[in-house]
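What follows is a set of notes on a single structure, which appears directly below.
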Amino acid sequence: MRIVLSILTLAGSANAFSVAPQVSAEIQNLSAANNHQLSSLERSISNANSNVNHQIIENTSSASLTQGIREFLVPPAYAADAKPKPPTESEIKLLRDALSAIYGERNPEKAVELLTKAISAWERQAPDEKAALTRVRADCYMEMLDADAALADYTITVDYLSGPGGDLADPSELPAARLGRARALRSISKVRSLSESQVKMEAQDYQVSLRLSARDDWDTDEENEQDGASRNPYAAWEWGMAQRGAGDYKKAAETHTLAALNFKDIGDKARAVISMLDAGIDLAATDDIDEAKKVLESAIKSTTTVEGRDVELLQRVIAKEGEARIALASVLWDSNAGQKGDAEAQLGEACARLDQLRADADAREQAAEKARIKSGAGPAIKFSKLQFTIDDAVGPECSCSRFKNEKFVSET
């Protein structure tokens, strides 16, 4: 009877059942009748439902009715009055082993296997707990270079955290999931083209992640994003690249400038210069030729101030400088000030710098190989990783000839 009353309440609240007044009258008769009247009530309900069956089909959804029954019988785990069965000792041990595999042993393959079992065992738990497990598995997939699987898990995590009960999660979970999904999409974009919706999702995920990472609750979203960028200038640079990929070049230039300022604030001169060079490259794709020329010339000049012992980082600075000089050459060539000679000079300098970079890198590799053979050491192990950070920017492999390759240009 409780199920019947629940269905009637659901239907009445939605004005779905026109038969409700008849049923209500029968229920009143029930309070003054005996078991015989109960049988009469059941027949009345059956007859009423039969008589108005066509009207019910028109006014209510069987799917909604079924959902109402399901929710009445089995309250969701996140409901205020629901008390999901606590995890067993074996389930807790399973989770502990999974986390140990990823954070202790650094074995993502083993961790994924254990996490998959843990996620299944914890299915009855609250959404915030399931979100945390799914997000960690997504991180493992990223370590395994499986960006597609990571993308799927990050999306499930975001859905959990954005739905009922998701607000109970740790505040760091949602920005971590959004940043993870953005990086998965950026990694995928290196091997195949993203759909239009994925391109927009990538840029939006970076933006929301930085906004939610702010240390204080500022008055505007822009202020929160700036604060978030100060905490993670790497993500800010990536956001700028996502905006470039979406064709929003002016916004990309603003974001790369923001990243440059924040890298500078933490004393990272090399990455600050790379970010400003990217800001100039972004502007070169807009109609603001004067500003593009100004930013590019200033950023190119600043490359001479970069020093350090990180050879690979210095190589990326030189490679990005070459890219910026080519962008400047295109700006000067298209200008109305008759600067074609200057444009050719910039292009020539870019090619010379890039060729020198390639020759220096080859010489270093040959010297390292000779030293390895002389010492009897084994071949150097090269670790693969997904490409999404500023440290994955093109280095010695950059050359003038490669900039004639449309695919290479579009990916960089």
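The values are calculated or read from the model by the stated rules, or taken from the named source; none is laboratory data. The structure presented is a predicted model; accordingly, all values stated were derived computationally and were not measured. For the accessible areas, the whole protein counts, side chains as well, though only heavy atoms, and no ligand, DNA or RNA atoms are used. Shrake-Rupley method; radii C 1.70, N 1.55, O 1.52, S 1.80 Å.
For LYS385, which lysines qualify as cross-link partners when the Cα separation must be under 25 Å and same-chain residues fewer than eight apart are set aside?
LYS385 reaches LYS110, LYS190, LYS200, LYS269, LYS320, LYS407.
Tell me, what HN-Hα J-couplings in whole Hz come from the Karplus equation 6.51 cos²θ - 1.76 cosθ + 1.60 at θ = phi - 60° for each residue of the range 286-295, using x for Gly and Pro?
9, 8, 8, 5, 4, 5, 4, 4, 5, 5
Tell me, what ³J(HN,Hα) does each residue in the range 163-177 have, in order and in whole Hz, if you take phi through Karplus 6.51 cos²θ - 1.76 cosθ + 1.60 with θ = phi - 60° and put x for Gly and Pro?
Calculated HN-Hα couplings, in order: x, x, x, x, 5, 7, 6, 4, x, 7, 5, 5, x, 5, 5 Hz.
Students sometimes get this wrong: rank ILE188, ILE119 by accessible area, probe 1.4 Å, all chains present, largest first.
Final ranking, largest accessible area leading: ILE119, ILE188.
Between the range 334-364 and the range 275-294, what is the separation of their alpha carbon centroids in Å?
Cα centroid of the range 334-364 versus Cα centroid of the range 275-294: 17 Å apart.
I'd like the Karplus ³J(HN,Hα) series for the range 229-239: coefficients 6.51, -1.76, 1.60, θ = phi - 60°, whole numbers in Hz, and an x wherever there's a Gly or Pro.
5, 5, 7, 8, x, 4, 5, 5, 4, 4, 4
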